[in-house]
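These notes concern the structure reproduced below.
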Amino acid sequence: MFKGFKDFLLRGNVVDLAVAVVIGAAFTTVVTAFTTGLIKPLINAIGGTNAAKGLGFNILGSNDATFMDVGGVINAVINFVIVAAVVYFAFVLPVKHVQERRKRGQEPGPSEPTDVELLIEIRDLLSQQQHIGRPHNRD
């Protein structure tokens, strides 16, 4: 059971898709909280005396709607780099290592079905098709 699950996970792009969707989405929340709560206040402190707005500037003098939030952009870049690094080192690199070992023959790849298993599957499919196409007797 576990070998089949392992073979499924290590087949093609299934790992890449799972990493991108599940782990990326879940871990992004943690990293966003970290960067918003800890990193952004540090960036905003660099912004000068206007700590309420943070690191940035107004395009039109005192019009707050024209504030260019440079600190927010820096925060987003840091957020992206942290998420990308964790996903790469925790998931992509280990899977790549396993795939390289399989290429060298140190670890067996996904198992192929045996001839008997294929014949049984074909027999069952043919049997199903015969039962579906057969009219019912109304005696």
Discussion item. If the requirement is being exposed (fewer than 13 other Cβ atoms within 10 Å of the Cβ), out of contact with any His (no Cβ under 8 Å at 6 or more places or on another chain), modelled with pLDDT of 85 or more and hydrophobic (A, V, I, L, M, F, W, C), which of these qualifies: Ile78, Ile120?
Written reply: Ile120
Worksheet item: Is it fair to say Lys96 is in a helix (DSSP H, G or I), in contact (Cβ under 8 Å) with a residue 24 or more places away in the chain and among the basic types (Lys, Arg)?
Response: no
Discussion item. If I filter the range 16-53 down to residues being surrounded by 13 or more Cβ atoms within 10 Å (Cβ to Cβ) and either modelled with pLDDT under 65 or touching a Ser or Thr at 6+ places or on another chain (Cβ under 8 Å) (or both), which single residue comes out as nearest to Val98 (Cα to Cα)?
Written reply: Gly47
Discussion item. Take the conditions among the hydroxyl-bearing types (Ser, Thr, Tyr), over 23 Å from the mean Cα position of the chain (by Cα) and surrounded by 11 or more Cβ atoms within 10 Å (Cβ to Cβ) and apply them to Thr66. Does it pass?
Written reply: yes
Worksheet item: Among the residues of the range 93-110, how many are modelled with pLDDT of 80 or more and either among the small types (Gly, Ala, Ser) or closer than 11 Å to Asp7 by Cβ (or both)?
Response: 0
Discussion item. Residue under question is Ala90, and the condition is that it be hydrophobic (A, V, I, L, M, F, W, C), at pLDDT 85 or above and outside any loop (DSSP other than H, G, I, E, B); does it hold?
Written reply: no
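The values are calculated or read from the model by the stated rules, or taken from the named source; none is laboratory data. This one's a predicted model, so the numbers in the text were calculated from it and none came from an experiment. Backbone-built Cβ (ideal geometry, glycine too); neighbour counts: all protein chains shown.
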